[in-house]
Amino acid sequence: MRLNSLSILNYKNIVQADLNFPAKINCFVGNNGMGKTNLLDAIYYLSFCKSHSNSIDTQNINHEADFLMLQGKYELRGNEEEVYCGIKRRQKKHFKRNKKEYSRLADHIGLIPLVLISPADYSLIAEGSDERRKFTDGVISQYNNQYLNALVHYNHALQQRNALLKDENATDNSLFEIWEEQMGMHGKYIHAERKQFIERFIPLFQGIYSFISEDNERVGLEYISQLDEADLTQKLASNRERDRIIGFSMNGIHKDELEMTLAGHPMKRVGSQGQNKTYLVSLKLAQFNFLKQTHGVTPILLLDDIFDKLDEKRVTKIVELVSDNDFGQIFISDTNSRHWEEILPKINQTSMIFNVVNGEISEAKSIQSDE
């Protein structure tokens, strides 16, 4: 799969851009604040129907404009696909595939598999368990639409039960039973899918970390859930009175955890900056390999400023890894092109370096393979 061309109007600081891309590496070079990350975010938007950095759609419109437009033309499984997004202030967002508008944005998720590695990934280690659940849910949802629907239904039932817990007049236990049965049914499915995913994911992740660190460190990843030991519907019923006092449902898959470790200890506590970065890059590259296996197509890979806090050895190993033929089209932001000017001539495909200055993108250098 590849993105052949991208048209942008009024997306953040990019007023207008019409870009054509080669099949392998596209590197966007410029100083901080010039718009490199915004360009990657536009590509991300066309896969996920939302920005990675700003969930309020209208705030992604250039402040001098009343609308934004994104249009990407892809090659997917031998077919041409056109994806369009248009947003006007105070109006509904429009998302189209081959000029036909989606009735539900959820139907688009998974069509264009994509993995983004960015500095924001540090929240996976530093923040609470909800960030790690979002990561897990995001991967599974890209290849399993039923899972996304189960999440929507589970979260709705959870909200309804929490509302009942806070309502002093809610004395009809049959209402609780309705929502607890829904949470139990959908939670059981979500738990099984998460467990299966992590079991398949761990070897990919550990293999990549081992390659980048040259076997110098041992990392772990463990899925922890209350549903490993008990039936959720029964647990919710038996703890109903306690939850009434607290005002919140204390049991369920919304409490699941993904424990990240280095040498058996919590990554958050013992990892250096370089080890944390290596862990996160390995996690995302394993996500890439997993999606490739489940989709049967090679995802698009976005690398946003990934070399910060990494020593030269680890940078070299990452560049060596993503330059391999197992990886397809890659979009990179960097403040300098040194790494890529060295490696791109060794890749058996045409690659491109673009300059980004104040939201304006221009082709700087086309690099042909030496082979």
Measuring from its Cα centre, segment 128-296 shows a charge dipole (+1 at each Lys and Arg Cβ, -1 at each Asp and Glu Cβ) which, in debye to the nearest 20, is 500
Here the residues of segment 57-84 lying in the modelled label zone of Lys100, meaning backbone nitrogen under 16 Å from a point 7 Å along Cα-to-Cβ, are 79-84
Step through the residues of segment 35-47 one at a time and calculate ³J(HN,Hα) from phi using the Karplus curve (6.51 cos²θ - 1.76 cosθ + 1.60, θ = phi - 60°), rounding each to whole Hz and writing x for Gly and Pro.
-> x, 4, 5, 4, 5, 4, 5, 5, 5, 4, 4, 5, 8
Given (i) 0.87; (ii) 1.03; (iii) 1.07 as possible values of Cα Rg over 2.2 N^0.38 Å, the one from the coordinates is (iii)
Please list the non-local residues whose amide H lies under 5 Å from the amide H of Ile361, H modeled 1.01 Å from N, same-chain partners needing a gap of 5 or more.
-> none
Burial-style ranking of 152-159, 122-129, 73-80, average other-beta-carbon count within 10 Å with highest first, yields 152-159, 122-129, 73-80
The size of the Cβ-based charge dipole (Lys, Arg +1; Asp, Glu -1) of the chain about the Cα centre, to the nearest 20 debye, is 660
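Tell me the mean residue ellipticity at 222 nm calculated for the chain from its helices only (DSSP H runs of n ≥ 4, each -39500 (n - 2.57), averaged over every residue, nearest 500).
When only DSSP H runs of four or more count, the value is -13000 deg cm²/dmol.
List the chymotrypsin sites (Phe, Trp or Tyr not before Pro) within segment 179-248 that DSSP assigns to loop and that have no more than 15 neighbouring Cβ atoms inside 10 Å.
When the chymotrypsin sites (Phe, Trp or Tyr not before Pro) of segment 179-248 are filtered for loop state and at most 15 Cβ neighbours within 10 Å, Phe248 remain.
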Taking the Cα centre of segment 128-296 as the origin and placing charges on Cβ (Lys, Arg +1; Asp, Glu -1), which of Thr278, Gln226, Ser129 is farthest toward the positive end of the dipole?
-> Thr278
Dmax and Rg, reported as Rg then Dmax, of segment 270-347 (C-alpha, Å) = 12.9, 39
Apply the Karplus parameterisation 6.51 cos²θ - 1.76 cosθ + 1.60, with θ equal to phi minus 60°, to every residue of segment 233-240 and state each ³J(HN,Hα) to the nearest whole Hz, in sequence, with x for glycine and proline.
-> 4, 5, 5, 5, 5, 6, 9, 4
Quick one, what does Rg over Rh come out to for segment 128-296 if you take C-alpha atoms and the Kirkwood Rh?
-> 1.05
Go through segment 9-26 residue by residue and turn each phi into a ³J(HN,Hα) via Karplus (6.51, -1.76, 1.60, θ = phi - 60°); whole Hz please, and just put x for glycine and proline.
-> 10, 6, 9, 6, 8, 8, 6, 7, 7, 10, 10, 10, 10, x, 7, 9, 10, 10
How long is the gain from Lys346 to Glu131 if the chain were fully straight, where each residue apart is worth 0.36 nm and the alpha carbon distance is subtracted?
-> 73.6 nm
Specify the residue with the greatest mean-square fluctuation among Ser213, Ser225, Ser272, computed from a Gaussian network of the chain linking alpha-carbon atoms under 10 Å apart.
-> Ser272
Along Cα→Cβ, 7 Å out, is where each label goes; now give me the distance between the ones at Ser366 and Asp66 in nm to one decimal.
-> 4.0
Considering only DSSP states other than H, G, I, E and B, which trypsin sites (Lys or Arg not before Pro) in segment 244-350 qualify as loop sites with at most 16 other Cβ atoms within 10 Å?
-> Lys309
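No value in this document is a laboratory result; all are computed from the given coordinates. Computed from a prediction, not measured in an experiment: that's the story for all the values here. Every residue, glycine as well, gets a Cβ built from its backbone with ideal geometry; the counts of neighbours run over all protein chains shown.
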